[in-house]
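Below: one structure, written as structure tokens.
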Amino acid sequence: MLLGLMVLILLLGAGAGGVLWYISRDLPSLDSLQEYQPSLVSRVYSGDRQVIGQFYVERRILVTLSDVPQSLTEAVIAVEDARFFEHPGLDVIGILRAVWANLRHGGKVEGASTITQQLARSLFLSPERTYGRKFRELILAYKMELILTKQQILEMYLNQIYFGQGAYGVSAASLTYFGKDLAELNLAESALLAGVPKSPSNYSPYKNPERAKKRQEHVLERMEEAGFITAEQRQEAAAQPLSYRHPGAGSEQLAPHFMEFVRQHLVASYGEAMVYKGGLEIFTTLNVGLQKAAEQAIRKGLRELDKRQGWRGPLGTQDLSTPTDSAAPTQAQPQPLNEGDMIQGVVTKVAKDHVMVLAGSTSGRLAFADMEWARRQMRGPDPVKDATMLPTVKHLLKPGDVIEVAVKKIDRGGVHFQLEQTPIVDGGMVALDPRTGSILAMVGGYDFARSEYNRAVTAHRQPGSAFKPIIYATAVNEGLSPATLVVDAPVVYEPDDLEKIWKPENYEKRFFGVISLREALIHSRNLATVRLLEKVGVRNVIDFAKTIGFTSPLSDDLSLALGSSSVTLVELTSAYGVFANQGLRLEPYAIAMVQDNTGQTLEQTLFEPRQVVSKETAYLVTNMLEDVIQRGTGVQAKSIGRPIAGKTGTTNDYTDAWFIGFTPNLAVGVWVGFDDVRTLGETESGAHAALPIWMDFMREALEQLPMMSFEIPDDIVFVRIDPSTGLLASDQADQDTVEIFAKGTEPTQSAPQRIVPTDFYRLDQVLDGQAAAPGPPH
């Protein structure tokens, strides 16, 4: 009998051992646990260390156990594994208690998985619900307890578990639900977070606030049972109101084109795995305030341009006979409308001088006066050929039309809308600090969701007259001066191929004769610039352009004078920055430093200025460009009231509009156009389409920057000259002006005394100063 019992025990033991061997034969190795490295968030910071974006597969921020507040640690232990510090990975007492509780309630009300088991499941096993997986989980948990301390297991668990809303780990969860760092959490918030991982969907305070509250109270009760808090603390925490971060907060990413520009660089340098899982810390040059101003200026300017081009009609029609909720073209707004909000709406009624619009759940009034711009109708892609003008907007809309509106104002009379239209025209802007090369703001297009194409750094477009300063800078670099004369007169170039005869013209369709380089640049004279290019040499201009930072290929012919070679907005703006920075060239950059998740520096940009142009040349060009603002094509910008230099640019058929301008501490470029290269409209020059956007941005940007004047180099001299000859003004001159020169290039000869044609008819003077003899009396 005894022998049989022993045999039975041996057989059972052998069977259990066999089962154990079979189950554990393919268990994963635990060797990597000591170097636990979960998938981490790579965070991107602005120049002032604000988080502006993240790259991740799992949104997780790694923290140490000492970073986690005691209230949160105790809340997790109390609700998930009260005997965590007492068992070896599996809790037999806990299992028996859970079985008894589930039997009493006739269903599963309590789990028995320890924290170690849950961690093993999360790290190594699939979520399948089978007995085989459960046995593997128990074995792994036991093995983990042999090689890791309880503190290490708890730290891994708190970093690994999922809290819903895309948040992994306690740090990301704290930011997601409360917008707080871990150290700022109170007991009530800790209890709420601790209750979420059991079922993130069921216990989400966003999706099921009542369940989340009951779960929080359950956690607090378990904390009291475990002796972590008193009954008074439990009651106080349960009664404390919770303020959640709005679930949509931060979902609209700042500077999306800039972020993509940064991401591409990081992936090229470190690979996707490191960028999306490695927990990199990326410190950029972006200025948040300037970026917001840039985005606002681009959106406002493109909307205004789009309205000038014309109304393209309603977005669609809606059957008003269906119930209101289903008829609404957009979902009801979760928050009240505010002035400036853009929203789709449906026309519900047309009255004598207005229409009624239902936008979401809000009904408002759209006056005819606030849709007057829509009299101009666009019936095709060409804003010139395909445009018609309606005599009135009275019959423009009908009930059921789905339109886009903006909230103009909200008063006692209700909500007042104005008609809007999402532009199809696009644009870009880049703002640089010319003293460092750092990119302070970048807008690559109207809407990143519509197009990820970055028009600030990737698009190559003809700059038109915005390239002219490069030609004039080359001339000054070659020893000419702003007073040098050039002929602005008709010219025809006849190459060997007679079918390609080139006859450039001025914008005004007339010519201006002999003028100075200053006047030619101020008023953007095409004919004078072509002759100047011919004089200094195309090759010299191309070489000079490369010196100041151009990398795009440039045409080796005279059409270069009119900006025929396509360049990027960032390289043109950076080139202007050389003039702003007294001839010093700095490569534009967006990333100041990259660190790994241990704080080790992987990359750091140390800007290295190079003197590529003399201070004198840079100042002479800058001074001429200041006059463009004072009395030339950029005169609108004079109203800003700061020392500003800049140049407009417009290409043939108005397909591209540019303005590049700078102060000593900020260089900004704006481009406007269609991606498919078509006309913006017959009046949409750089001064009309791009300059207003530049001005809107600069008005706000310069408020954040100190006023600075352009520094005058020591070797700049001021000379009084005769503007018609470029020579020294004579003592009798009555039309002289003061001009600036690089020392050694100023004129040394005086201008000849002018002979006024009417002098020949004066009777009180004769040659040699003799008086005329009186004639006979009449």
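The values are calculated or read from the model by the stated rules, or taken from the named source; none is laboratory data. These numbers come from a predicted model, not from an experiment. Positions of Cβ are backbone-derived with ideal geometry, glycine not excepted, and every protein chain shown enters the neighbour counts. These accessible areas exclude ligands, DNA and RNA; they are computed on the full protein's heavy atoms, side chains included. Shrake-Rupley method; radii C 1.70, N 1.55, O 1.52, S 1.80 Å.
Values computed for the structure shown
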read-out	value
Extended-chain gain in nm, criterion 0.36 nm per residue less alpha-carbon gap, T458 and K300	54.6 nm
Of all accessible heavy-atom area on the range 259-398, the percent that carbon and sulfur account for (1.4 Å)	51
Residues A489 and K743, FRET efficiency given R0 of 30 Å [Cβ-Cβ distance, rounded to 0.05]	0.40
Using a Förster distance of 60 Å, the FRET efficiency for N540-Q235 (Cβ separation, nearest 0.05)	0.10
Spin-label model distance (nm) - I501 vs T149, 7 Å beyond Cα toward Cβ	9.1
Protection proxy ranking, peptides 526-534, 59-67, 410-418, average beta carbon neighbours within 10 Å, highest first	526-534, 59-67, 410-418
DSSP-loop trypsin sites (Lys or Arg not before Pro) across the range 689-745, with at most 14 other Cβ within 10 angstrom	K743
Cβ-defined net charge surrounding G289, 12 Å radius [Lys, Arg +1; Asp, Glu -1]	-3
Burial order of peptide ranges 140-153, 555-568 (average beta-carbon count within 10 Å, highest first)	555-568, 140-153
Accessible carbon and sulfur surface of the range 494-616 relative to its total accessible area, %, 1.4 Å	48
Whole-number percent relative contact order across the range 418-471, with pairs defined as alpha carbons under 8 Å at least 6 apart	25
Gained length - R631 relative to K352, 0.36 nm times residue gap less alpha-carbon distance	95.8 nm
Extension gain (nm, one decimal) between Q418 and D714, 0.36 nm per residue minus Cα-Cα	101.0 nm
Per-residue SASA entry for E304, accessible area with 1.4 Å probe, Å² rounded to 10	80
Where the range 173-315 is the region considered: accessible area per residue in Å², 1.4 Å probe	46
Label-to-label distance, nm, for residues given as M593 and E86 (7 Å Cα→Cβ offset)	4.9
Net charge contributed by nearby residues that have their C-beta within less than 11 Å of T551 (K/R +1, D/E -1)	-1
Net charge of neighbours whose Cβ lies under 12 Å from the Cβ of P205, counting Lys and Arg as +1 and Asp and Glu as -1	+4
